Structure formats: structure tokens, C-alpha cells
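Take a look at the structure set out below.
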Amino acid sequence: MTTATLFILLFFSMLIGMPIALSLGLASISTILLFSDDSLASIALKLFASVSEHYTLLAIPFFILSSAFLSTGGVAKRLIDFAVAGVGHIRGGMAMASVMACMLFAAVSGSSPATVAAIGSIVIAGMVRSGYPESFAAGVITNAGTLGILIPPSIVMLVYAAATEVSAARMFMAGFIPGLLMGLILMVAIYIAARIKNLPAQPWGGFGELARTGFIASGGLMLIVIVLGSIYGGIASPTEAAAVSAIYAFLVAVYGYRDIGPLKGVPWKRPGDSWAASLLRNLVQFFWVIGKSIRDPEVRKVLMDASKVSIMLLFIIANAMLFAHVLTTERIPHHIAETIVQWGLQPWAFLVVVNLLLLAAGNFMEPSAIILIMAPILFPIATRLGIDPIHLGIIMVVNMEIGMLTPPVGLNLFVTAGITGHTIGWVIKAAAPWLALLLVFLMLITYIPQISLFLPELIDHLKGYN
């Protein structure tokens, strides 16, 4: 009766259009008040503790703030220039460079819609000017943007780590090779399509141009080294690395590239100034800009936008954690696990069910909410069947990638529609051929676990854990 009430209230609330966070909270609180001895005060305490007790979740606002600064500044354009200098001379190279730029931006943002918005707003128009069909360009970017939640650092991975209490650092390690593999699959498919469609190639600028654009883009590229290097090297936890990334992204956007903030448009070196004078002036500007930026309207807008997204996501997480608390208290995942084990369901068959369930959920719900609802249910079953929790996490993340591309709640579809000015139907049609690649990739990730587990196990071995 308790289980039926919980899920009936949840799905009924969602069907009548109630926001997912409120649906989770209403179903959980109603179930507790009807079938539990807990008081309203204990529910409030649990809502607070669900967020405050999970240290990993503190990384989410920092990564969102970091992504906001990098998306607002010119980091995306500089990464695109670097990618074009590297692979633009290959047939279809502009599209391949777009995928590479998405991979690089994913490694500094952790968000799929942010990756599509930052990269797509520049490269879709650029590809069309270079002779690419607009539908081809839109389809590539819509799909490549999903790498934002697969290549670490990933906000969705942090949510999974908090929901299941697995290591966020190991989740990041597990997503690295699959992210590179997915990018490579897309680039190979682009090359084949480019040969068939006779798409153009950019002139080769030489290694000098590659070095020049790489140096200019180094401000953004260094964030990848700082965040992932500190996590994989054991120097910092994901939360500590996220805090550093937010500060670094602020300095790169406001002081380094000077795309926003009080120094916007101010050159590093004025004509006629000596290097010593320029160095002294920029040193003074460094300390001046930190205090001045707080009152700058552009910087304040970035902070406000990042705060809104963080509050929205953490509110969903708090209510989902309360939902998970009810599930755990009523031992619902345990009973489901016992039933499935008694059925004798094989691990491969269970993974088929998992994929079908997550693909269906991805059509109607936001990725973080799906993870927070499904992970507490699927996690104990997977462990009973001998499926590695990290492997299960990557499977769930890849399913969430596909959910970003499926209507009616595919966030990437809406972002691309906003960039191109076309309808959602047009974007779905443009993205559909590339979506087939993601489905093939999902099968590889599901049934070849070493793609996900190789790097975490290797690093554990090198650290002497095995």
C-alpha cells in the first residue's frame, strides 16, 4: 500500500503538469504523513540534511558557476579556433572540429545544454557559411553537445555519486575513455558522410597556426589540466577541484581574456608602453578588477544566472533525496532486488530492462531527476547481480545523453532550435541520423564494461590498491 501510494502520487502529479521537484516532494511527504510516525519537523530536517550531508553535491554550484563564466566569455570561440587549426584541413574538418570543440568545452563545463549553446551558437553559422547543409551542422552539434555530461567533470555523474555514494572521482575516471570513444565515433561518421556528400575542407594553416591558436586557447585548456589533473592525481577532491575551477574561470573570463567585466576591451599592452610598464599596470589591474567586478553588471548577471540554475537543481536534488529516503525506509529497492534474483534474471537481460526503462524516462524527465529516482532502485539490484556500480553509472549517463535528444523534453533540441530559429520538428529530423550512433554506442558501453572500468582499475592498480 505504501509503495503504491508513493508511485501513484508521483506519476499523477507529473501527469497534471506539476514540476518534477514538487511532484517528488509531494509524493514523499504525503507517504510519510500517511504511513510513517515521522513529524513535519523531521521531514524539514531530512530535506536540509539530504543536501548538506552530501559533500559531493557542493561541487555542483561551483561547476555551474565555472560553466557560466566560460560560456559568457570567449573561451568557446578560442577552443573552436584551436580545433579548426588541428583538423579543419580534413574533408568535413569543420564539423569534426566542432565535435572536438564540444569535447574540449565538455571538459570545462560539465553541462550538455551549455556545450550546445556555447559551441553551436558559433559553429553552426560558420559551417553554413563554409558550404555545409544547415541540417547537417545542427544534427552534429546537437549530438556532440551530449558529451557535456559524459566527459568529466559531469554534473550528472556528481548526482549519481551522491545518490549511490560511489566515488565521484572514479565516476569521472570511468567517463573519460567512453567520452573520447564517442567523440571519435562521431568524427569517423562525419568523415564518411563528408566523402559521400563532398563537403568542403579548410586550408591547412601549418603547425605555426596550430601552436598560435593553442596558445590563445590555453586559458581554457588549462582548466582541464587543473580540474582533472588534481582529481586523478589525488591532490584534490571533486568538490575542491570544482571550487578552484570557479575561481579560475572567473579570472580567465574577466582578467585573462577580458571578454566581460570592468576590463572588457582593455588591451594587455598599450602601443608605446614598455613591457615593464605593461607588467606593472596589469598587476595593479589584477587587484583592482577583483573588487570592481562585484559591481559590474555583466559579472553580476553571470552570478545571478548560475545561482538560479544551482538553486533549481539543488531543490530537485533535495526532494529526490527525500523520495530516496522513503524508498530506503520502506525497503522497496531491497524487495525489488529479491524478486528479480528469485526470477533468475541474468545480468545481460537486466541491463536490457535498465536501458529500456531509462530511454523511456528520458523522454519525459530531466537527467538529474531520473538519476535520483532510478539509481536507488537499480543500484541494489545491479550489485546483487554482480554488475559494477561504476559501470551502471556510465550506462545511466549514456542513457541520459540520449534523453537530451528525444522529445518532448530533450533539452539539446530546444537549445539548437533557439540557435537556428527552426522548429523542434526540424531539429529532431536533423539529429535523428546521428542519434542512431548514440544507440550503437550505448550497446557497446552496456556489454563491454572494460570501456568504462579500464581507467579506474588502472589508476587503482598504479596507486597500489590492488
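The values are calculated or read from the model by the stated rules, or taken from the named source; none is laboratory data. Nothing here was measured: the structure is a model prediction, and the numbers come from that model. Methodologically, a virtual Cβ is constructed for each residue, glycine included, from the backbone with ideal geometry; neighbour enumeration extends over all protein chains shown.
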Over 18 Å from the mean Cα position of the chain (by Cα) and in a helix (DSSP H, G or I): does that describe Ile377? yes
So Ser111 passes all but one of these: (1) buried (at least 24 other Cβ atoms within 10 Å of the Cβ); (2) touching a Leu at 6+ places or on another chain (Cβ under 8 Å); (3) among the hydroxyl-bearing types (Ser, Thr, Tyr). Which condition number does it fail? (2)
When you check Ala68 against the structure, is it of a type outside the set (D, E, K, R), in contact (Cβ under 8 Å) with a residue 12 or more places away in the chain and out of contact with any Ser or Thr (no Cβ under 8 Å at 6 or more places or on another chain), yes or no? yes
Is it fair to say Gly386 is under 21 Å from Pro347 (Cα atoms), in contact (Cβ under 8 Å) with a residue 12 or more places away in the chain, part of a helix (DSSP H, G or I) and of a type outside the set (Lys, Arg)? no
Does Ile119 count as under 18 Å from Leu221 (Cβ atoms) and at pLDDT 85 or above? yes
Pair list, Cβ < 7 Å and 6+ apart or interchain, from region 143-172 residues that are among the small types (Gly, Ala, Ser) to residues that are part of a loop (DSSP other than H, G, I, E, B): Gly148/Gly110; Gly148/Ser111; Ser154/Gly110; Ala161/Ser167; Ala162/His54
When Leu45 is run through (1) within 30 Å of Glu240 (Cβ to Cβ); (2) at pLDDT 80 or above; (3) among the hydrophobic types (A, V, I, L, M, F, W, C), the failure sits at (2)
Between a residue in region 273-296 that is without any contact (Cβ under 8 Å) to a residue 12 or more places away in the chain and any residue that is assigned to a helix (DSSP H, G or I), which pairs come within a Cβ distance under 7 Å, given they are 6 or more apart or on different chains? none
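Before we move on, is Ile119 of a type in the set (A, V, I, L, M), in contact (Cβ under 8 Å) with a residue 12 or more places away in the chain and not in a helix (DSSP H, G or I)?
No: the conditions fail for Ile119.
Only one residue in Gly175, Gly261 is under 25 Å from Ile459 (Cβ atoms) and surrounded by 20 or more Cβ atoms within 10 Å (Cβ to Cβ), so which one is that?
Gly175
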Looking at region 328-360, which of its residues are assigned to a helix (DSSP H, G or I) and either at positive phi or within 18 Å of the chain's Cα centre (by Cα) (or both)? Leu358, Leu359
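Inside region 162-188, can you point out the residues that are in a helix (DSSP H, G or I) and either among the basic types (Lys, Arg) or modelled with pLDDT under 90 (or both)? Outline the logic, then answer.
Filtering region 162-188 down to residues in a helix (DSSP H, G or I) leaves 162-164, 168-188.
Scanning region 162-188 gives Ala162, Ala163, Thr164, Ala168, Ala169, Arg170.
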Out of the residues in region 411-427 that are part of a loop (DSSP other than H, G, I, E, B) and either aliphatic (A, V, I, L, M) or free of Cβ contacts under 8 Å to residues at least 12 places away in the same chain (or both), which is surrounded by the most Cβ atoms within 10 Å (Cβ to Cβ)? Thr423
